[in-house]
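The values are calculated or read from the model by the stated rules, or taken from the named source; none is laboratory data. The structure displayed is predicted, hence computed values, not measured ones. Cβ coordinates were reconstructed from backbone atoms using ideal geometry, including for glycine residues, and neighbour counts include every protein chain displayed.
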Amino acid sequence: MPDDVDVLFVGGPVLTMDSARTRASAVAVRGERILAVGQDDLRELVGPGTEIVDLRGRALLPGFQDAHVHAVYGGVEMGECDLSGATDLGEYTRRIAAYADAHPTRPWITGAGWAMEAFEGGLPSRAQLDAIVPDRPVFLLNRDHHGAWANTRALELAGLTAQTLDPADGRIEREPDGSPGGMLQEGATALVARVVPKATVEDRVKGLLRAQAYLHSLGITAWQDAILGVFNGQPDVSDAYLAAANDGQLTARVNGALWWDRERGAEQIPELVARRDKLTAGRFRAGSVKVMQDGIAENFTAAMTVPYKDACGCTTDNSGLSFVDPVALRSYVIELDALGFQVHFHALGDRAVREALDAVEAALHANGRGNNRHHLAHLQVVHPDDVPRFAKLGAIANLQPLWAAHEPQLDALCIPFLGGESADWQYPFGDLVRAGATLAAGSDWPVSTPDPWQGIHVAVNRVNHGDDREVFLPEQRIDLTTMLAAYTAGSAHVNHLDETGVIRPGALADLVVVDRDPYAGPADEIGATTVEQTFVGGERVYAAG
């Protein structure tokens with residue numbers, strides 16, 4: 001029959017995430033689109049070629065979308081010295097030694113994932129690495145990728161000495177005599193990264209495909225890659241996306257954010273326009289521009305409205321860094337907005353958030369209200385005066401919810417050093433919802449796990465799944481439906497993928513089957529939810545087992 005459907009999902013709750021938050025129990029798919037949403041009467045559409053997916057009480061949702069991720073970085077690092085998931089120097093020593101032994105011909109030992117909390121003051125030393133690998137250079141990015149750990153050989157090859165000046169956008173941590181100590185902050189990482197042998201485009205494509213398989217296994221069908229360009233010495237990954245899209249290997253839908261070179265000004269905008277035109281193929285496009293306005297709180301580079309404290313609790317003269325001059329930023333965003341670019345801000349401290357919102361407001365006044373869907377990612381500290389501005393300006397709050405919980409890095413390296421009331425203004429999800437902000441959600445993987453269910457769990461509970469620590473700022477908890485919407489319809493809105501993010505007739509069949517109805521159990525078990533099947537455009541791209 002010409003009207004037969006290709007796939008019919010029946011027998012479980014369908015969480016459509018449409019504006020009415022409708023529930024159904026059956027979905028019919030023909031080709032790449034959803035044909036019908038309803039109840040068991042859709043069985044009449046079954047033909048001899050129809051695949052029936054019996055949900056058996058499991059839930060069907062729109063595919064998740066990660067609004068801020070570094071997929072190629074993550075995939076490449078999965079094949080390098082992986083230190084993620086551990087917070088102990090002994091374990092790092094074991095993994096680094098094992099990797100070096102397993103790769104005796106590699107000229108450099110590279111990788112990522114170590115946690116600042118594993119070291120006193122968050123600062124590892126070159127001597128610790130020298131004791132493990134003394135004869136080859138070692139360069140390891142930390143978990144948040146805002147710093148790197150290097151051994152003596154790597155520092156020597158990069159030409160770093162006591163006389164080397166700190167770059168304007170970073171800091172070399174030093175020993176008492178001024179010699180580099182092995183820890184590089186922010187832009188200082190590029191001083192060593194520039195001499196590390198560069199991965200080839202083939203390496204990056206392999207990394208992308210490795211990452212894609214992993215993200216699909218977590219129910220992620222689309223994402224926004226937050227950096228396309230050379231960043232702190234790391235290579236541009238756009239060639240991997242273009243290659244995979246052109247040969248049909250890119251099954252996810254990807255919007256890339258073109259890196260704004262913070263050492264340049266408006267003269268780079270024509271280049272961004274040309275890159276946007278070039279980087280369009282298959283399911284890949286690059287319609288966003290990434291502006292990193294500040295750093296992170298743990299190394300005191302997040303831009304704050306009040307100064308940080310020191311280890312003694314005294315006020316310092318350091319309020320963090322604004323990487324882009326805030327006045328110039330307004331003119332840049334006005335021009336980018338007029339050219340149809342979405343601006344994707346890294347804004348972690350409350351001053352950076354304010355500077356980004358000021359730029360969005362300037363563009364709104366200059367160009368009128370458009371459809372570019374500018375968004376601010378991270379939002380660790382938001383001044384209460386700026387919370388209502390998100391809804392007023394149409395700026396989207398792009399949350400990385402997993403971070404909004406007590407854990408050692410937050411408790412030891414961040415909260416004690418935040419000045420004024422800043423510690424009480426962290427990750428104000430509840431306030432943003434109550435003020436009418438549109439939410440999107442992401443992970444910043446490989447900084448932290450890309451598993452949406454772990455992030456959703458923290459947003460709802462303000463504590464990590466399986467953790468018995470105190471609830472972190474409980475008044476900022478939000479409900480499950482709001483967070484599911486952020487990871488589906490909200491992130492689809494950010495990604496300009498308006499035919500995804502909801503289950504409705506005519507929408508693209510980007511779908512995920514999970515092992516339970518997340519509403520059926522207690523809130524403290526949300527994080528136990530797992531993905532069983534993932535579909536993009538009606539094609540199965542992942543099946544558990």
Counting just the residues of segment 291-324 that are in contact with an Asp or Glu (Cβ under 9 Å, 6 or more places away or on another chain) and among the charged types (D, E, K, R), which one comes out nearest to Ala67 (Cα to Cα)? Asp294
Reported set for segment 262-282 where residues are of a type in the set (Lys, Arg) and touching a helix residue (DSSP H, G or I) at 6+ places or on another chain (Cβ under 6 Å) is none
Note on Ala404: of the conditions (1) touching a residue at least 60 places away in the same chain (Cβ under 8 Å); (2) crowded, with 24+ Cβ neighbours inside 10 Å; (3) touching a Lys or Arg at 6+ places or on another chain (Cβ under 8 Å); (4) more than 19 Å from Glu298 (Cβ to Cβ), unmet is (4)
All-but-one check, Ala102 against (1) among the aliphatic types (A, V, I, L, M); (2) in contact (Cβ under 8 Å) with a residue 12 or more places away in the chain; (3) out of contact with any His (no Cβ under 8 Å at 6 or more places or on another chain), failing number (2)
In the set Asn367, Asn371, which member is assigned by TED's automatic domain parsing to the domain that holds Trp445, surrounded by fewer than 24 Cβ atoms within 10 Å (Cβ to Cβ), out of contact with any Leu (no Cβ under 6 Å at 6 or more places or on another chain) and free of Cβ contacts under 8 Å to residues at least 24 places away in the same chain? Asn371
Conditions first: (1) of a type outside the set (Ser, Thr, Tyr); (2) over 15 Å from Thr93 (Cα atoms); (3) modelled with pLDDT of 95 or more. Ala131 passes all but one, so which condition is the exception? (2)
Cβ-Cβ under 9 Å pairs, at least 6 apart or on other chains, segment 529-545 side in the same structural domain as Pro518 (by TED's automatic domain parsing) and under 18 Å from Asp451 (Cα atoms), far side among the small types (Gly, Ala, Ser) and part of a strand (DSSP E or B): Thr529/Ala59; Glu532/Ala543; Gln533/Ala543; Thr534/Ala543; Val536/Ala222
What are the pairs, 6+ residues apart or on separate chains, where a residue within segment 486-504 that is closer than 18 Å to Val460 by Cα has its Cβ under 6 Å from a residue that is assigned to a helix (DSSP H, G or I)? Tyr487/Pro452
Looking at segment 232-244, can you tell me whether even one residue there is part of a loop (DSSP other than H, G, I, E, B) and out of contact with any helix residue (DSSP H, G or I) (no Cβ under 6 Å at 6 or more places or on another chain)? yes
Exclusive hit being acidic (Asp, Glu) and under 17 Å from the mean Cα position of the chain (by Cα), set Asp203, Asp225: Asp225
Among residues belonging to segment 279-309 that are more than 25 Å from Glu355 (Cα to Cα), of a type outside the set (Phe, Trp, Tyr) and in contact (Cβ under 8 Å) with a residue 24 or more places away in the chain, point out the one that is surrounded by the fewest Cβ atoms within 10 Å (Cβ to Cβ). Ala281
Please work out which one of (1) of a type outside the set (A, V, I, L, M, F, W, C); (2) surrounded by fewer than 18 Cβ atoms within 10 Å (Cβ to Cβ); (3) under 25 Å from Asp236 (Cβ atoms) is the condition Asp177 fails and give its number. (3)
Counting only residues that are modelled with pLDDT of 95 or more and within 30 Å of Leu321 (Cβ to Cβ), segment 193-222 contains a total of 3
Search result, residues across segment 524-545 that are under 24 Å from Asp468 (Cβ atoms) and touching an Asp or Glu at 6+ places or on another chain (Cβ under 9 Å): Gly527, Ala528, Thr529, Thr530
Scan segment 237-275 for residues that are under 21 Å from the mean Cα position of the chain (by Cα) and of a type in the set (Lys, Arg) and report the count. 2
Please determine whether any residue of segment 145-166 is at pLDDT below 95 and within 30 Å of Leu484 (Cα to Cα). yes
Out of the residues in segment 416-448 that are among the hydroxyl-bearing types (Ser, Thr, Tyr) and at pLDDT 95 or above, which is surrounded by the most Cβ atoms within 10 Å (Cβ to Cβ)? Ser443
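Would it be correct to say that Leu215 is crowded, with 23+ Cβ neighbours inside 10 Å, outside the structural domain of Phe323 (by TED's automatic domain parsing) and out of contact with any Gly (no Cβ under 8 Å at 6 or more places or on another chain)?
yes
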Of the residues in segment 39-57, how many are at positive phi and without any contact (Cβ under 8 Å) to a residue 60 or more places away in the chain? 1
